[in-house]
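One structure below.
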Amino acid sequence: MRWSLPSWALFAALAACAPTPPPAGTSTAGPPAPAICRIGPDDAAPAQQVAERGIGGTGISNEEGDRGIGGTGIVGVITGFASICVGGLEVEYAPTLAADLDGQPGSVADLRAGQVVVVEASGRADALRAERLALRFEASGPVERRDGTTGLQVAGQRVIFAPGMRGGRDWQPGDWVAVSGLRQADGTIMASRLDRRAPGRILVRGIAQREGAGLLRLGQLRFRRSLLLDVQPGLPVVLTGHLDGGAFVLDRVETDLVLADPARRFGPAVDRIVIEAYIGVAAGRLQMGHGTGFAAGLARPLPGGTPGLPRRGVMDLRRQSDGSFSGTELRAPGQAAGYRGEGLGGLSPR
């Protein structure tokens, strides 16, 4: 995947347009959502929208929704419902659209503000329509420890309460929760939402590291490599398993294509990918989230005095004539695509 913008320019843009954290006690995840993005009771879509006009008043029927996959792939935090607002984009969807709740069947009625979604959408950039939609939890499992009032350890993963985090926060060891959020470069999850879940299987996303002979570790979650389930250290993976006598028993491994290869995840019909992540620079490469790197030339040191400092942002990628993807815009979370303000330093989509 090729990037066409020098990384110092990307970070100058993101630093200038980064939102100010909301005051303590507010419940909005990230910067204030546009006025059109509304949130109803229990952080769901407003009931009147759903009952009277479909989500966002789109009036899409099952027949209208079946128009093929293609166009735009989106990964980001839900900031509201207008249809659905994510990554600075508004995406229409039918009230009857099925949703993959990270491996469990569901519907768009299950969506809540602060959750992270992966969307495959068709249509023009100003009239996107969701064709497939899936929730993405970074971790799902038992709370093992509280870190004061700032975070938790869940299934061996360090979880920090991001400013404006939604859902509950008064969790205690032994509770089971599903963690929505974005990973920083060090593997810490900045949680945008925490929801209670029933005890059962554990799910963790991230990059496993070698711990010793035959042992691997993802965060503080330790497990043994098996002959049937081979985990490659250093690659983004999705691990699922269960607890047996306090030990984590791995029963499934998948490559996390959202981080490892988003172009492959969304397929050849997609010509635009929009990803919200913590974006930094290391060894001359752009790093998206926890360890995913893409080539990027460093024309000069990053502004702000801290080279490579990860910042939360939304990267807009477009497919080029040779089939590769190139970065065309970097913006603050919740900021509309194509915004031409002083903070973006003149960067805009092609």
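The values are calculated or read from the model by the stated rules, or taken from the named source; none is laboratory data. Bear in mind the structure is a predicted one, so any value in this text is a computation, not a measurement. Positions of Cβ are generated from backbone atoms using ideal geometry, with glycine treated the same way; all protein chains shown enter the neighbour counts. The accessibility values were calculated without ligands, DNA or RNA, using every heavy atom of the protein model including side chains. Shrake-Rupley method; radii C 1.70, N 1.55, O 1.52, S 1.80 Å.
Things worth noting here:
- Set Ala109, Ala94: member being in contact with a Pro (Cβ under 8 Å, 6 or more places away or on another chain), farther than 20 Å from Ala336 by Cα, touching a residue at least 40 places away in the same chain (Cβ under 8 Å) and not in a strand (DSSP E or B): Ala109
- Options Gly267, Gly219: the member that is at pLDDT 90 or above and not assigned by the TED database to the domain that holds Arg124: Gly219
- Selection status of Gln335, modelled with pLDDT under 85 and touching a Cys at 6+ places or on another chain (Cβ under 9 Å): yes
- Condition check for Ala130: surrounded by 15 or more Cβ atoms within 10 Å (Cβ to Cβ), modelled with pLDDT of 95 or more and part of a loop (DSSP other than H, G, I, E, B): no
- Scanning segment 162-180 for residues that are surrounded by fewer than 19 Cβ atoms within 10 Å (Cβ to Cβ), in a strand (DSSP E or B) and under 20 Å from the mean Cα position of the chain (by Cα) yields a count of 1.
- Residue check for Ala51: modelled with pLDDT under 90, in a loop (DSSP other than H, G, I, E, B) and either open to solvent by less than 10 Å² (accessible area, probe 1.4 Å) or not assigned by the TED database to the domain that holds Gly164 (or both): no
- Screening Val231, Val253, Val238 for residues that are free of Cβ contacts under 8 Å to residues at least 24 places away in the same chain, in contact with a Leu (Cβ under 9 Å, 6 or more places away or on another chain) and open to solvent by less than 50 Å² (accessible area, probe 1.4 Å) leaves exactly one candidate, Val231.
- Scan segment 90-101 for residues that are open to solvent by less than 30 Å² (accessible area, probe 1.4 Å) and within 16 Å of Val77 (Cα to Cα) and the total you get is 2.
- Verdict on Gly71 being at pLDDT below 90, in contact with a Leu (Cβ under 9 Å, 6 or more places away or on another chain) and surrounded by fewer than 24 Cβ atoms within 10 Å (Cβ to Cβ): no
- Residue that is nearest to the chain's Cα centre (by Cα) [pool: residues in segment 136-161 that are of a type in the set (A, V, I, L, M, F, W, C) and crowded, with 22+ Cβ neighbours inside 10 Å]: Phe137
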